[in-house]
1. Give the range 231-244 a look and list any residue that's over 25 Å from the mean Cα position of the chain (by Cα) and more than 25 Å from Asp306 (Cβ to Cβ), or say none.
2. Suppose we filter the range 76-94 for residues that are over 28 Å from Gly337 (Cα atoms) and loosely packed, with under 14 Cβ neighbours inside 10 Å; how many remain?
3. Could you list, in sequence order, the residues of the range 162-171 that are free of Cβ contacts under 8 Å to residues at least 60 places away in the same chain and in contact with a strand residue (DSSP E or B) (Cβ under 7 Å, 6 or more places away or on another chain)?
4. Checking the structure you have, find out if any residue of the range 173-181 is closer than 10 Å to Gly116 by Cβ, in contact (Cβ under 8 Å) with a residue 12 or more places away in the chain and surrounded by 15 or more Cβ atoms within 10 Å (Cβ to Cβ).
5. Only one residue in Ile329, Ile394, Ile339 is in contact with a strand residue (DSSP E or B) (Cβ under 9 Å, 6 or more places away or on another chain), within 30 Å of Gly85 (Cβ to Cβ) and of a type in the set (Val, Ile, Thr). Which one?
6. Can you tell me how many residues within the range 250-309 are over 22 Å from the mean Cα position of the chain (by Cα), of a type in the set (S, T, N, Q) and over 18 Å from Leu365 (Cβ atoms)?
7. Which pairs have Cβ atoms under 9 Å, sit 6 or more apart or on different chains, and link a residue in the range 367-389 that is assigned by TED's automatic domain parsing to the domain that holds Leu276 to one that is of a type in the set (Lys, Arg) and part of a loop (DSSP other than H, G, I, E, B)?
8. Whether any residue in the range 281-301 is of a type in the set (Asp, Glu) and assigned to a helix (DSSP H, G or I) is what I want to check.
Amino acid sequence: MSTTNRTASHWWYYLAGSVIALAIFMIGALFSYLYFQQDGIDSATAATDISNTMPLFDEAWNIIKQDFIGDIPESSTRTYGAIHGSMETLDDPYTYFIEPEPAVREQEQLQGHFGGIGAYLALDEEGRIALDPMIERPAALAGIIKGDILVAIDGAPLPHPADIDIVTDLIRGPEGTVVRLTVLRNDDTLEFDIERAQIELPSVTWRALEEPAGYGYIRLERFSGLTDTELSQALQELQAGNAAQTLILDLRGNPGGLLDSAVAVSGRFLDGGPVLVERQSDGSEQTFEATPGVDVDAANVVLLLDGGTASASEIVAGALRDRAGTALIGETSYGKGSIQRIHRLADESAVHVTFARWYTPNGHLIDGQGLSPDIVVDPTATSEDYDPFLQAAIEHSRR
């Protein structure tokens with residue numbers, strides 16, 4: 001009797017393993033087919049090579065299923081793991097796979113808006129979720145105040161410690177729907193029914209400097225679908241207040257974002273002409289140009305950058321320096337000058353694939369090198385009351 005059960009158990013292991021292996025094989029075959037087609041490799045030969053490796057994969061997983069003492073992950077988890085592992089062999093940190101939930105959040109951030117309540121989430125020292133509502137957003141209008149501790153969503157208590165990503169997914173949802181938040185405020189437990197609305201993620205902040213007069217400061221956090229519109233508003237307000245004679249454009253810590261947004265932002269300061277050159281793996285090139293007409297002459301701009309200035313923000317910095325001699329002040333930028341296509345898969349997961357590299361208008365390769373500043377700043381001198389980057393920009397512009 002035990003022999004029969006053991007044989008049946010092995011048979012089911014084999015069947016389950018075969019199904020999983022087939023699914024992974026199909027995904028791998030698709031990636032390989034596209035890769036080999038791009039490189040001119042015969043697809044029939046590629047398919048033969050792949051099929052020859054599958055018995056080994058199948059054999060390994062059958063052994064794991066028979067002998068592994070712990071729980072076997074679900075098939076989707078194993079599939080995601082196989083994709084992650086195979087893509088790591090490309091040795092390119094920017095070609096990678098994202099599972100469904102983070103992929104959706106990434107898409108929302110790039111679009112610049114999402115359905116939500118308009119509140120920042122942070123883990124406090126006790127592992128609880130502290131809320132900080134955005135001004136004039138649904139959370140604030142409903143009565144949420146900074147420091148409220150979120151303890152339940154739609155009646156379901158949060159685990160301790162809480163997971164910000166999971167909580168974010170639970171709070172966000174289609175515009176017009178309602179989410180109930182239970183919060184702890186001092187010793188009181190309060191409930192709020194909040195209707196979700198379209199929440200725009202601000203990417204640009206600005207102000208007129210008190211000293212010297214005529215100086216405007218603009219910080220770009222990222223390049224989203226809203227950045228160019230926000231920048232236009234910033235420039236209009238600063239110009240109306242006579243605070244755009246000299247502009248300090250702060251790209252420190254800006255990780256990049258949308259290419260079209262970077263080109264549009266550059267066009268606010270450059271009167272047409274090239275912003276960057278994109279060179280693809282097959283040797284072809286594409287030049288991206290600014291729209292003729294400027295809001296502020298790039299000659300009146302000083303730009304701040306640091307080691308966190310990357311990708312699309314490096315495009316803007318390189319274009320303004322090459323085309324208008326804009327001074328770059330701070331630290332050498334990150335050096336992320338490659339471009340990825342984002343492919344959405346059937347289950348809302350995504351694949352980022354590097355297919356080209358960027359060069360500045362004068363032909364400087366950004367990838368792996370970054371942009372060296374014209375004036376180097378020591379970041380260790382930064383304090384709550386003193387910004388050495390900003391001070392160096394002011395001193396340079398006065399010369």
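1. Result: Gln236, Glu237, Gln239, Ala240, Gly241, Asn242.
2. Total meeting the criteria: 1.
3. Of the range 162-171, the ones free of Cβ contacts under 8 Å to residues at least 60 places away in the same chain are 162-164, 166-167, 170-171.
Those that are free of Cβ contacts under 8 Å to residues at least 60 places away in the same chain and in contact with a strand residue (DSSP E or B) (Cβ under 7 Å, 6 or more places away or on another chain): Ala162, Ile164, Val167, Leu170, Ile171.
4. Yes, the conditions are met somewhere in the range 173-181.
5. Residue meeting the stated conditions: Ile339.
6. Of the residues in that region, 2 qualify.
7. Asp367/Lys336; Gly368/Lys336; Gly370/Lys336; Phe389/Arg252
8. The first filter runs over the range 281-301 and keeps only residues of a type in the set (Asp, Glu), leaving 282, 285, 289, 295, 297.
If we keep only those that are assigned to a helix (DSSP H, G or I) too, we end up with none.
No, there is no match, as no residue in the range 281-301 is of a type in the set (Asp, Glu) and assigned to a helix (DSSP H, G or I).
The values are calculated or read from the model by the stated rules, or taken from the named source; none is laboratory data. This is a predicted model, so every value here is computed, not measured. Virtual Cβ from ideal backbone geometry, glycine too; neighbours counted across all protein chains shown.
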